[in-house]
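Colleague: My structure is below; once you've seen it, I'll send some questions.
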């Protein structure tokens, strides 16, 4: 069984204050419960992952360059991850960047999700997006919220995989016309849930509406970190505060 950071669902809470605490302190118990300073813990955690955990079992020819990559990855959250761009930034080979990313993923520093593809859409098929289990590393507040949601959705997907053997997967949507939706959950490769993250109340994303129209049986949600609106638009997209959405697991939303 895999262990992941705390969630609003596990906290049995839909309080904005609890969501704000998760945003500020992460979902790791020690900083979240105030036993240690969250910023200091985060810095030490990243250092331990690379200098202690990874170095104990992997041979990295240049730990400094690997650390440079790990430090700079959070600013890439929210966009497809280009290994070629990373290679140029750090001046190492494509193969080296790929190996380092695999190592970081194996040690639960980051995880990647792939683009959702279907014959109904002109989706991009290659570039993955990445997120951090310690979302406090992401400075941009909007992308930090997206990262938090990614972790909590992944936690639920893996729980279904591990306990029931169900073929659920977490993906994202981006097509050749530059339409993008943050998260797509599939069951046996069929989309069942779309989630778009916003920092505050905003008009319903046209890209989310487009995807909902293509796959009408899927549930679609636009959630916000700070917003207060709660309604269903004419296309069947549910708009609601993130704290309400995250309070439940996504299976409850599918059956509700």
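Colleague: Can you give the Kirkwood hydrodynamic radius of segment 85-179 from its Cα pairs, in Å with one decimal?
Modeller: Radius from the Kirkwood sum: 15.1 Å.
Colleague: While we're here: For residue 53 and residue 122, FRET efficiency with R0 = 35 Å and r from the beta-carbon atoms, rounded to 0.05? Walk me through the numbers before you get to the answer.
Modeller: Numbers: r = 41 Å, r/R0 = 1.17.
E(calc), rounded to 0.05, equals 0.30.
Colleague: Oh, and also: Using a 10 Å cut-off around each Cβ, can you sort 111, 245 from fewest to most neighbouring Cβ atoms?
Modeller: 111, 245
Colleague: For the chain, find the longest principal axis of its Cα atoms and tell me its angle to the long axis of helix 16-25, 0 to 90°, nearest 10.
Modeller: Long axis of 16-25 versus the principal axis of the chain: about 20 degrees.
Colleague: Need the C-alpha centroid separation for segment 152-170 versus segment 183-203, integer Å.
Modeller: Rounded to whole Å, the Cα centres lie 16 Å apart.
Colleague: Round to the nearest 10 and give me the degree value, 0 to 90, for the angle of helix 141-164's Cα axis relative to the longest principal axis of the chain.
Modeller: Around 80 degrees separate the two axes.
Colleague: Sort 246-252, 143-149 by packing, meaning the average of other beta carbons within 10 Å per residue, with the highest value first.
Modeller: Values: 246-252: 17.9, 143-149: 23.9.
Packing order, densest peptide first, comes out as 143-149, 246-252.
Colleague: Specify the angular offset, from 0 to 90 degrees and rounded to the nearest 10, of the alpha carbon long axis of helix 38-47 from the longest principal axis of the alpha carbons in the chain.
Modeller: Result, in degrees: 60.
Colleague: Further question on the same structure: To the nearest 500 deg cm²/dmol, what mean residue ellipticity at 222 nm is calculated for the chain from DSSP H runs of n ≥ 4 alone, each contributing -39,500 (n - 2.57), summed and divided by the residues?
Modeller: On the way: 11 runs with 104 residues, N = 256.
About -11500 deg cm²/dmol.
Colleague: What's the ranking of 121-130, 96-105 by average number of surrounding C-beta atoms within 10 Å, highest first?
Modeller: 96-105, 121-130
Just so you know, all these numbers are worked out from the coordinates, no wet-lab data involved. All of these numbers come straight from a predicted model, not from anything done at the bench. In this analysis, Cβ positions are derived from the backbone assuming ideal geometry, glycine residues included, and neighbour counts consider all displayed protein chains.
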